[in-house]
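One structure below.
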Amino acid sequence: MLFMGDLENGVLGKENVAGDNGNESSKNEIDVIRYALDHVDQEIFVFRPGGELVYTNQPGRDRFHLPENLTGIYAWTLDPTLTLESWNKRTQPVRERGENFESMLYLNRPGGGCDVLKMFAHSTIRVSGEELIWVFGRDVSLHVKNENKIKELNSIMNTVLDNIPVYLFVKDAGPEFRYVYWNKAFETYSHILRENALGKTDFEVFPNPKDAERFRRDDKELLRTGKDIEFLETYETKKGEIRTVKTLKTLVRNDSGDPCFLVGVSWDITDLKSTEQELVKARLKAEQSDKLKSAFLANMSHEIRTPLNAIIGFTRLVAETEDAGEKDYYLNIVENNSELLTQLINDILDLSRIEAGSLEFVYKPVSIRELCLKIQEVHRVRMKEYVQLAFEDGGLNTHVLTDGNRLFQVISNLITNASKFTAKGFIRFGYQQVDDFIEFYVEDSGCGIPKDKVPTIFDRFTKLNTFVQGSGLGLAICKMLVEKMGGNIFVQSEEGHGSIFKFTIPYQRITIETDINDMENNEIKENVSMGRTILVAEDVESNFLLLKAIIGKTYTLLHAWNGKEAVEIYEQSQPDLILMDIKMPEMDGLEATRIIRKVSQEIPIIALTAFAFDDDRVKALEAGCNDYLTKPLSAPLLKETIAKYLV
């Protein structure tokens, strides 16, 4: 080629060529070649083996802002990352073995941004005996930018697909349906790593072959029909869990319309199905609860009317008969039914207080032996003729820190329950220390509990026998009270062979030093001075008459019909003690108590009320009352409480 002779000087000069051959046609040919090289869309560079640049076309001059004279310009002038050593290392395969090489050249633009050139080095060509290396550069900035954008979008897409809470998988549409994509959610739920799934079939991935067979059958059906399929399915994970998923499968086709991929999306609805099942259970439980409550209300109507019928009926008979023996008999029936009615009302109130979270526990030192002896004394007179009640004293005479009233209530309820189902034989109770707990037990020789009813025996509104009187709340209340006190309750029973109820409370042992004088002062003193005066603030006449019947022979009683009168009578008469009803007209008992307390801090005031909740007791004590008794009143407790303040 004619222009190669001038290439050694680093320039295609018209003058030199014309001087050599004087051939105008050759000159024109060189101009054509120069024009062609200067107008290609690539940069062309020719280097000597040592890296010196001897030729570049116009795009190359423009790209690197090169002068016409290329003397002193080397490869590392164009690419600052190159050195003579790296140039020799990179071009050695080209020079010695005729191999080609590619590299990327990144050029910062003065105004910002970056141009990317893809450089291709070709085999050396000898010109006039000199070895030259030809390098072609193509601007791939836009291509690289698009590639980077695609990578960025792919990264975003992978991040999204790996973080959506659904399974996403892709299989090829070939005969074996191998996985080509498996997202993070699928990996998390199935406990199968994606690297252990990609390129493999369902039979190689899933531990249960039945799952794989079902998946393969669905895939074949989709490929056969070409129609999307949606269904519920289950599968077993690597950890043996059974997951439920809702799956949608669809085909992806190429430009020719042939299936190339199978895409599946699965929503894991295991937790949703579990929630649905729980809701169904809750609905059934609610319906059952409604039925139980309806039965409970019907039972309450019966249980309330039964003792009321006896109380009203025999009270009338007492008024009609003149026989003293009959009167005592009738009054005994009235008293027994009054106790039944009182217990029923107390059960209902206790349940409502426990459910409302308003039941308070007062923890004090309690002698459990003395408490059990007291329980034995109370229940012995209530036992049936052929049933013997026995307290088994285990010899552990200790004091524990607990709520004595609640403990009394639980044991008493269990004994009452046992007596209902024991026609003859025995009921025995006691306690023993078990590790850090005191374990109480109540055993009977009664009819026992059917096996199918044992699991629900402590449920509310549950009655073992609908023909036996009771609210169906006693055992439920026992369970709630025991658990509130930090213990547990359970039963051992066999139908026809009696039952053993056991419960525990924490054993918080304390040491009690009892003063003989204190013991004497705690005794109930019936011989209180006859000269003491008690002011009774009570707006219901029958209630006042009851109080008069109980304590009227021992004390002088003054009667106030409301709180306002109570304040006036107190100021005029200065009584020794006040029995204060809470709910009264004109001025209630709490307000009257506050006014009296402004005058005297010494006068004992005992609140009497039908309000039985703990917060009512707190309000009375905060108003200034010394003590609190709930209606219906217990005559012994009333006398004991009065004696405590008038000794």
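The values are calculated or read from the model by the stated rules, or taken from the named source; none is laboratory data. Since this is a predicted model, take the numbers as computed values, not measurements. Here the Cβ positions follow ideal geometry from the backbone for every residue, glycine too, while neighbour counts run over all protein chains shown.
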Kindly provide the set of residues from the range 410-431 that are under 11 Å from Met383 (Cα atoms) and in a helix (DSSP H, G or I), ordered by number. Ile415, Thr416, Ala418, Ser419, Lys420
Looking at (1) closer than 29 Å to Ser155 by Cα; (2) surrounded by 15 or more Cβ atoms within 10 Å (Cβ to Cβ), which is the only condition Asp211 fails? (1)
Go through (1) surrounded by 14 or more Cβ atoms within 10 Å (Cβ to Cβ); (2) of a type outside the set (D, E, K, R); (3) outside any helix (DSSP H, G or I); (4) under 35 Å from the mean Cα position of the chain (by Cα) for Val170 and report which single condition fails. (4)
Please specify each residue of the range 108-135 satisfying the condition of being in contact with a strand residue (DSSP E or B) (Cβ under 6 Å, 6 or more places away or on another chain) and either modelled with pLDDT of 75 or more or at positive phi (or both). Asp115, Val116, Leu117, Lys118, Met119, Phe120, Ala121, Leu132, Ile133, Trp134, Val135
Taking the range 429-448 and keeping residues of a type in the set (Ser, Thr, Tyr) and in contact (Cβ under 8 Å) with a residue 60 or more places away in the chain leaves Tyr431, Tyr441
Given the structure, is Glu85 at pLDDT 85 or above, touching a Pro at 6+ places or on another chain (Cβ under 7 Å) and not aliphatic (A, V, I, L, M)? no
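For every residue, the table says whether it meets (1) within 19 Å of Phe544 (Cβ to Cβ); (2) part of a loop (DSSP other than H, G, I, E, B); (3) assigned by TED's automatic domain parsing to the domain that holds Leu547.
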{"residue": "Ile578", "(1), (2), (3)": "yes, no, yes"}
{"residue": "Lys583", "(1), (2), (3)": "yes, yes, yes"}
{"residue": "Glu591", "(1), (2), (3)": "no, no, yes"}
{"residue": "Ile603", "(1), (2), (3)": "no, yes, yes"}
{"residue": "Leu608", "(1), (2), (3)": "yes, no, yes"}
{"residue": "Asp616", "(1), (2), (3)": "no, no, yes"}
{"residue": "Lys639", "(1), (2), (3)": "yes, no, yes"}
Inspect all residues belonging to the range 59-69 and state whether any of them is touching a Leu at 6+ places or on another chain (Cβ under 6 Å) and either surrounded by fewer than 19 Cβ atoms within 10 Å (Cβ to Cβ) or within 27 Å of Cys114 (Cβ to Cβ) (or both). yes
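Restricting attention to the range 23-56, which residues are in a helix (DSSP H, G or I) and either in contact (Cβ under 8 Å) with a residue 12 or more places away in the chain or surrounded by 13 or more Cβ atoms within 10 Å (Cβ to Cβ) (or both)?
Answer for the range 23-56, where residues must be in a helix (DSSP H, G or I) and either in contact (Cβ under 8 Å) with a residue 12 or more places away in the chain or surrounded by 13 or more Cβ atoms within 10 Å (Cβ to Cβ) (or both): Ser26, Lys27, Glu29, Ile30, Asp31, Ile33, Arg34, Leu37, Asp38.
I want to confirm something. Restricting to the range 178-191 and keeping residues that are among the hydrophobic types (A, V, I, L, M, F, W, C) and crowded, with 19+ Cβ neighbours inside 10 Å, which single residue is farthest from the chain's Cα centre (by Cα)?
We begin by selecting, within the range 178-191, every residue among the hydrophobic types (A, V, I, L, M, F, W, C); these are 180, 182, 185-186.
Narrowing the set further to residues that are crowded, with 19+ Cβ neighbours inside 10 Å leaves 182, 185-186.
Details: Trp182: 31, Ala185: 23, Phe186: 25 Å.
The residue in question is Trp182.
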